[in-house]
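Encoded as structure tokens, the structure appears first; notes follow it.
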Amino acid sequence: MDDSDEEQEEDEDMLLACVLVGEYLEEKDERPKFYVRERIAWEQHMSELAAEGNDAFQQLYRMDYSSFLKLCSIIRPQVQVNDEMSRRRTGKDSVTVEMMLHCLLRWLAGGSYLDIKLSAGISQAAFYHYIYKCMDAILDSKLLAYKFPETEKY
């Protein structure tokens, strides 16, 4: 046996060892790479609120439904996510603008991120990403900006 045959045999042994270690580690790690929660079914959520009574939405979100929809339409261009990329990453539909605003309004009303992220079906990182994304969109909106008097007479 010459040196090149010995080197080739060592390389094959090393490759086999790497494959075996990789298979062992793969079998040992049974958990998924990341966990995807079931997301809130927005239409069902709205139906349940409607069934509870006329004031249910107002009590939960501290605004009426028409104002909520108007706010969604104002911030949508800045906060909407790419449906296809979300589906590829998580295998689920993307988080809607309504769900993002749900998180922001519940959090601003004093809700715990722990409860809100569970009800929305998102991770803690996604929760904070969405609330800051919504806050930035609201603060950057020209339609929602404060308008101060420009003259003394108003």
Exercise. Would you say MET100 is in a helix (DSSP H, G or I) and surrounded by 10 or more Cβ atoms within 10 Å (Cβ to Cβ)?
Worked result: yes
Exercise. So which of GLN78, GLN59 ends up being of a type in the set (S, T, N, Q), closer than 17 Å to HIS129 by Cα and assigned to a helix (DSSP H, G or I)?
Worked result: GLN78
Seminar exercise, completed: Here the residues within the stretch 43-95 that are under 15 Å from the mean Cα position of the chain (by Cα) and free of Cβ contacts under 8 Å to residues at least 12 places away in the same chain are ASP83, GLU84, MET85, SER86, ARG87, ARG88, ARG89
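Conditions (1) assigned by TED's automatic domain parsing to the domain that holds TYR65; (2) within 22 Å of GLN44 (Cβ to Cβ); (3) among the aliphatic types (A, V, I, L, M), marked per residue:
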residue	(1), (2), (3)
LEU108	yes, no, yes
TYR113	yes, no, no
ILE116	yes, yes, yes
ALA125	yes, no, yes
ILE131	yes, no, yes
MET135	yes, no, yes
GLU150	no, no, no
LYS153	no, no, no
Exercise. Residues VAL95, VAL81: which one is under 22 Å from SER141 (Cα atoms), touching a helix residue (DSSP H, G or I) at 6+ places or on another chain (Cβ under 8 Å) and at pLDDT below 90?
Worked result: VAL95
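The values are calculated or read from the model by the stated rules, or taken from the named source; none is laboratory data. Because the structure is a prediction, the values reported are computed rather than measured. Quick reminder, even Gly has a Cβ in these numbers, built from the backbone with ideal geometry, and neighbours come from all protein chains shown.
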